[in-house]
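A short write-up of the structure that comes next.
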Amino acid sequence: MKMKQLVLVGGITAMAFLGSAAFGGAPVGPPMALMGEGQWGVGIEFGMEEMDLGASGTMTEISGPSVTSTDELFDVEDLESNMIFGNLAYGICDNWDVFVRLGAANAEDDIRTGPGEVPLTFDGSYGFAWGIGSRATLCRSGAWSFGSILQVTWVDPGDDSSAGSGTEDGVPATWTDDIDIDYWQAQAALAAIYQVDLWSVWVGPFLQFVDGDLDQERNWAEVGGLNTGSNVASLDLEQESEFGVLFGAGYEVSSEWNLWLEGQWSDDSWLFGIGAMFTPEDIFAGM
């Protein structure tokens, strides 16, 4: 494919991605094509992520015959998540790959619901996560190349249930909490890549969106009293910071194996990732 065609493909794909609010991310891996034309690859990726999110929506309180609704703003600070994915990739041409990933992710955090209030504790077990994406090498000049990656990943960590005690409107009470969080991440990245022998290093900016839902239900009962009630929150999760930088290094172990380390950083998030891609010549032969 000629240089102008590569730049055109990369530019159109990036504009289509950035113009939509329905795509998402996670570990990105090398921001360049890894497959040859018609070649298949299988890989594995692991990522550790921490990010700050805001959650806004409505809290409905039911106490006896009384029902009230209020607007709420929660701070989801330092939401930690571990992700592991299996990856299947295919080379559309020598400079353009597409891939799909399937795996699992967990999440945990202390969620601040208001000044002076005890944070909600969320500790979700591993739940289903999956995504799709595209890598492209846009141009090359000697040891330097310029690449991009576009991807979407949906994360649905397991729900969390907990119990506690304290005061409800100044009266001793016990309660149970059920919390459910799910979200998607969207990333578009460009990077400069420098290759020396079997090593490559890269750095570049990325644009990120995070959106999702936080649902919380608290059922409480006064100690020694007859009053019971529940608080039900339905909130939208969003990340405030959208720009960051990614960087990484890769090593070509052989013509069939690539390994890499990566990092991502923005004002409200960071991620460390490690991955490998296996591209044997005869995988899925005859397809």
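The values are calculated or read from the model by the stated rules, or taken from the named source; none is laboratory data. Since this is a predicted model, take the numbers as computed values, not measurements. Reconstructed Cβ throughout: ideal geometry from the backbone, glycine too, with neighbour counts over all protein chains shown.
The residue that is nearest to Gly43 (Cα to Cα), among those in segment 237-260 that are out of contact with any Leu (no Cβ under 7 Å at 6 or more places or on another chain) and surrounded by fewer than 14 Cβ atoms within 10 Å (Cβ to Cβ), is Glu256.
Here segment 194-232 is the region considered, the condition is being at pLDDT 85 or above and not in a strand (DSSP E or B), and the residue that is farthest from Pro30 (Cα to Cα) is Asp197. If you go through segment 75-114 and keep only what is surrounded by fewer than 20 Cβ atoms within 10 Å (Cβ to Cβ), under 21 Å from Met32 (Cβ atoms) and among the acidic types (Asp, Glu), you end up with just Asp94.
Out of Trp154, Trp175, I need the residue that is in contact with a strand residue (DSSP E or B) (Cβ under 7 Å, 6 or more places away or on another chain), under 30 Å from Val245 (Cα atoms) and surrounded by fewer than 21 Cβ atoms within 10 Å (Cβ to Cβ). Which one? Lay out the reasoning, then the answer.
Numbers: Trp175 fails: under 30 Å from Val245 (Cα atoms).
Of the residues listed, the single one that is in contact with a strand residue (DSSP E or B) (Cβ under 7 Å, 6 or more places away or on another chain), under 30 Å from Val245 (Cα atoms) and surrounded by fewer than 21 Cβ atoms within 10 Å (Cβ to Cβ) is Trp154.
Say we look at segment 67-90 and pick out the residues that are among the small types (Gly, Ala, Ser) and out of contact with any Phe, Trp or Tyr (no Cβ under 8 Å at 6 or more places or on another chain); which of these is modelled with the highest pLDDT? Steps first, please.
Step one: of segment 67-90, the residues among the small types (Gly, Ala, Ser) are 69, 81, 86, 89.
Next, from what is left, pick out any that are out of contact with any Phe, Trp or Tyr (no Cβ under 8 Å at 6 or more places or on another chain): 69, 81, 86.
Details: Ser69: 89, Ser81: 90, Gly86: 96.
Filtering segment 67-90 for residues that are among the small types (Gly, Ala, Ser) and out of contact with any Phe, Trp or Tyr (no Cβ under 8 Å at 6 or more places or on another chain), the one modelled with the highest pLDDT comes out as Gly86.
For segment 17-55, filtering for residues that are at pLDDT 90 or above and among the hydroxyl-bearing types (Ser, Thr, Tyr) leaves 0. When residues in segment 164-193 are screened for being among the aliphatic types (A, V, I, L, M) and modelled with pLDDT of 90 or more, 6 of them pass.
Inspect segment 133-143 for any residue being surrounded by 15 or more Cβ atoms within 10 Å (Cβ to Cβ) and either touching a Cys at 6+ places or on another chain (Cβ under 8 Å) or closer than 21 Å to Leu235 by Cβ (or both) and give the result as yes or no. Looking through segment 133-143, none of the residues is surrounded by 15 or more Cβ atoms within 10 Å (Cβ to Cβ) and either touching a Cys at 6+ places or on another chain (Cβ under 8 Å) or closer than 21 Å to Leu235 by Cβ (or both).
Looking at Phe74, Phe122, Phe85, which one is under 19 Å from Gly248 (Cβ atoms) and in a strand (DSSP E or B)?
Phe85
Checked against (1) within 27 Å of Leu79 (Cβ to Cβ); (2) at pLDDT below 85; (3) surrounded by 15 or more Cβ atoms within 10 Å (Cβ to Cβ); (4) not charged (D, E, K, R), Ser161 passes all but a single condition, namely (3). Among residues of segment 190-218 being surrounded by fewer than 16 Cβ atoms within 10 Å (Cβ to Cβ) and acidic (Asp, Glu), the one that is farthest from Ser266 (Cα to Cα) is Asp197. Against the test of being within 30 Å of Thr70 (Cβ to Cβ) and of a type outside the set (Val, Ile, Thr), the options Gln187, Gln239 yield a single qualifying residue, Gln239. Candidates are the residues of segment 233-280 that are more than 17 Å from Pro30 (Cβ to Cβ), polar (S, T, N, Q) and not in a strand (DSSP E or B); the one that is farthest from the chain's Cα centre (by Cα) is Ser241. Which residue pairs have Cβ atoms closer than 6 Å, lie 6 or more positions apart in sequence or on different chains, and pair a first residue in segment 53-72 that is more than 22 Å from Tyr183 (Cα to Cα) with a second residue that is charged (D, E, K, R)? Correct list of pairs: Thr68/Glu61. Confirm whether Ala173 is more than 27 Å from the chain's Cα centre (by Cα), in a strand (DSSP E or B) and not polar (S, T, N, Q). Yes: the conditions hold for Ala173.
What's the total number of residues in segment 91-119 that are closer than 21 Å to Gly54 by Cα and either assigned to a strand (DSSP E or B) or at pLDDT 85 or above (or both)? Can you show your working first?
Let us first name the residues in segment 91-119 that are closer than 21 Å to Gly54 by Cα, namely 105-119.
When the remaining residues are screened for being either assigned to a strand (DSSP E or B) or at pLDDT 85 or above (or both), the result is 105-112.
Result for segment 91-119: 8.
For Phe146, the requirement of being at negative phi, of a type outside the set (A, V, I, L, M), touching a Cys at 6+ places or on another chain (Cβ under 6 Å) and part of a strand (DSSP E or B) is met.
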